[in-house]
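> Below are the structure tokens for one structure; questions will follow.
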Amino acid sequence: MSMSNTAITDIQDAVKQLKNVKSGQEFTSFLSDLKNFLKTLDAAPQYLTELEQRAYYPVNEYSDKKTRDNLNAAKKRIIEYLEQITDSSPAEDRLLTVLNNFYLFLEGLLERSPHKRSTIQKEQLAALKIQNEYDVQHLLYACLKPLYPLVRAEVSEDTGYGTVRTDIFLDSEHVIEVKCTRNSMKIKKLTEEIEADMVHYHAKHIYFFIYDKEKIIENPQLFRKTYESRMTDKHISIIIHQPKIL
């Protein structure tokens, strides 16, 4: 009987399930589930190619023991690969560096003049304006994708009493909630949204990425300190950008 009746929930769960695989049939079923899981993460094609290469093992028709040894070697190769993917999950210092330097990404993309031979015109870049949080989310996702290939946008999570949507999902322990201030938004509204999200998300590390377009946060340092020390069972990070141009 195949043991692959339990859906894979994350990379760590995949490693755990693979360690329990005992037969070639279970291995084949597990690989199918793992490929489907990686596809739901919008994993690049090279991830699946690498997986298939590591999964191959020769079947020795004369020796069941050698076949089992080859299967175990393939399992080991895949586990090592999955652990490499896990190792590319967010390290807090690196992630915070990327989030805090987001405006450098915008400057390089939008404010730096293209090469004179480029078909991209400066006027085209100048036409790109951030108007709401969906614009911020789109650009931030693009900034993070090369560093965290399994990052996903707008992932729904069942909290048991309702469904919440994570703006940017890095893994089960690290999520990013994007905020973008607007003319009609008051500081009270922003703080109410943050306080609600702090409670609702299950992730241990929650990053609030606030693009304060209207500069409604008068004292960013105090604002950051207030909310980063609010909860003891979760690690809250507040990243505030108050743009000069966009």
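> How many residues are under 21 Å from LYS215 (Cβ atoms), among the β-branched types (Val, Ile, Thr) and in contact (Cβ under 8 Å) with a residue 40 or more places away in the chain when one looks only at the stretch 134-183?
Total satisfying the criteria: 2.
> Looking only at the stretch 51-64, filter to residues that are part of a helix (DSSP H, G or I) and not aliphatic (A, V, I, L, M); which one of those is least open to solvent (accessible area, probe 1.4 Å)?
Step by step, filter the stretch 51-64, then rank; the result is ARG54.
So that you can scan it fast, the table gives a plain yes or no per residue for (1) farther than 30 Å from PHE169 by Cβ; (2) buried (at least 17 other Cβ atoms within 10 Å of the Cβ):
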position: LYS22; (1), (2): yes, no
position: LEU31; (1), (2): no, yes
position: THR49; (1), (2): no, no
position: LYS66; (1), (2): yes, no
position: ASP69; (1), (2): yes, no
position: ASN72; (1), (2): yes, no
position: ARG117; (1), (2): yes, no
position: GLN121; (1), (2): yes, no
position: GLN124; (1), (2): yes, no
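> Now a separate question. Of these, ASN101, ASN36, which one is open to solvent by 30 Å² or more (accessible area, probe 1.4 Å), closer than 30 Å to GLU123 by Cβ, within 18 Å of the chain's Cα centre (by Cα) and at pLDDT below 95?
Among ASN101, ASN36, only ASN101 is open to solvent by 30 Å² or more (accessible area, probe 1.4 Å), closer than 30 Å to GLU123 by Cβ, within 18 Å of the chain's Cα centre (by Cα) and at pLDDT below 95.
> Turning to a different aspect of this structure: Please find, within the stretch 216-246, the residue that is least open to solvent (accessible area, probe 1.4 Å) out of those that are outside any loop (DSSP other than H, G, I, E, B) and polar (S, T, N, Q).
Looking at the filtered set, the residue picked out is SER237.
> Given (1) under 25 Å from the mean Cα position of the chain (by Cα); (2) not in a loop (DSSP other than H, G, I, E, B), where does LEU128 come up short, assuming only one miss?
LEU128 satisfies every listed condition except (2).
> Could you tell me which residue of the stretch 182-194 is surrounded by the fewest Cβ atoms within 10 Å (Cβ to Cβ), considering only residues that are over 22 Å from the mean Cα position of the chain (by Cα) and assigned to a helix (DSSP H, G or I)?
LYS188
> Is one or more of the residues making up the stretch 195-215 surrounded by fewer than 15 Cβ atoms within 10 Å (Cβ to Cβ) and touching an Asp or Glu at 6+ places or on another chain (Cβ under 8 Å)?
Within the stretch 195-215, one or more residues are surrounded by fewer than 15 Cβ atoms within 10 Å (Cβ to Cβ) and touching an Asp or Glu at 6+ places or on another chain (Cβ under 8 Å).
The values are calculated or read from the model by the stated rules, or taken from the named source; none is laboratory data. In this text, all values refer to a predicted model and were calculated from it rather than measured experimentally. Because the Cβ atoms are built from the backbone with ideal geometry, glycine has one as well, and the counts that use them run over all protein chains shown. The accessibility values were calculated without ligands, DNA or RNA, using every heavy atom of the protein model including side chains. Shrake-Rupley method; radii C 1.70, N 1.55, O 1.52, S 1.80 Å.
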